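**Student:** First, the structure itself, so that you have it in front of you.
The values are calculated or read from the model by the stated rules, or taken from the named source; none is laboratory data. The shown structure was predicted, so the numbers you read here are calculated from the model rather than taken from an experiment. All Cβ positions, glycine included, derive from the backbone under ideal geometry; neighbour counts span all protein chains shown. Note: areas computed on protein heavy atoms with side chains; ligands, DNA, RNA excluded. Shrake-Rupley method; radii C 1.70, N 1.55, O 1.52, S 1.80 Å.
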Amino acid sequence: LFIAGAGLVYYVVMPLAWRFLLDVGQGFGSVLQQTMSSYLTIVIQMILAFGISFQLPVLLVLLGKVGIVSSQGLRSFRKYAIVGIFAFAAVVTPPDFISQVVLGLPMLALYELSVFGVRLVERRREEEASDDEGGSDDEPPKPKASRPDPEPDPSSGSSAQAASSADDVLDESD
């Protein structure tokens, strides 16, 4: 996601921003005197700002996995998130409307993706909790332990002979 944000800056936002700045500068009769170091500073700041802001789904899903945020909480916070996203976009982009929208709209889409991701994490957690309570379907049922029948002693013959010999012993002792 960081690379997607950096690519958006390099291939979409920076050409639009430079075109806007050149048009505004020519409208006032001034010439843009940009040095290479200031250009690189702006490009690097924009790449970092977009790349880090594109990590929003990762952050929110991790917070959801830990239990700090919920999908319902993110849904109820949506209107504040929209204002915050566009305020953030206004601060980190050049002062043109197009750059702000180019950052704000993907961040809104990523926010909605985060809500979906947190809901998936919650469902998985609920499924694991229900599996723990009701037992797992993955494991076959264990057979019940039963006592095996004792095998007759081969030295004494059959069990009927052993019983009759015990009766004989009792009769002789009378």
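**Student:** Checking the condition more than 23 Å from the chain's Cα centre (by Cα), within 24 Å of Ala6 (Cα to Cα) and either open to solvent by 40 Å² or more (accessible area, probe 1.4 Å) or not polar (S, T, N, Q) (or both), which residue from Val83, Val61 passes?
**Tutor:** Numbers: Val61 fails: more than 23 Å from the chain's Cα centre (by Cα).
The conditions single out Val83.
**Student:** Something else now. For the stretch 104-135, give me each residue that is open to solvent by less than 90 Å² (accessible area, probe 1.4 Å), free of Cβ contacts under 8 Å to residues at least 60 places away in the same chain and out of contact with any Leu (no Cβ under 7 Å at 6 or more places or on another chain).
**Tutor:** Gly104, Leu108, Ala109, Glu112, Arg119, Leu120, Glu122, Ala129, Ser130, Asp131, Gly134, Gly135 - these are the residues of the stretch 104-135 that are open to solvent by less than 90 Å² (accessible area, probe 1.4 Å), free of Cβ contacts under 8 Å to residues at least 60 places away in the same chain and out of contact with any Leu (no Cβ under 7 Å at 6 or more places or on another chain).
**Student:** Another question, if that's okay. I'm told Ser53 meets every condition in (1) within 24 Å of the chain's Cα centre (by Cα); (2) at pLDDT 90 or above except one. Can you identify the failing condition by its number?
**Tutor:** If we test Ser53 against (1) within 24 Å of the chain's Cα centre (by Cα); (2) at pLDDT 90 or above, just (2) comes out false.
**Student:** Still on this structure: Quickly run through the stretch 1-21 and pick out the residues that are in contact with an Asp or Glu (Cβ under 8 Å, 6 or more places away or on another chain) and closer than 16 Å to Ile44 by Cβ.
**Tutor:** Ala17
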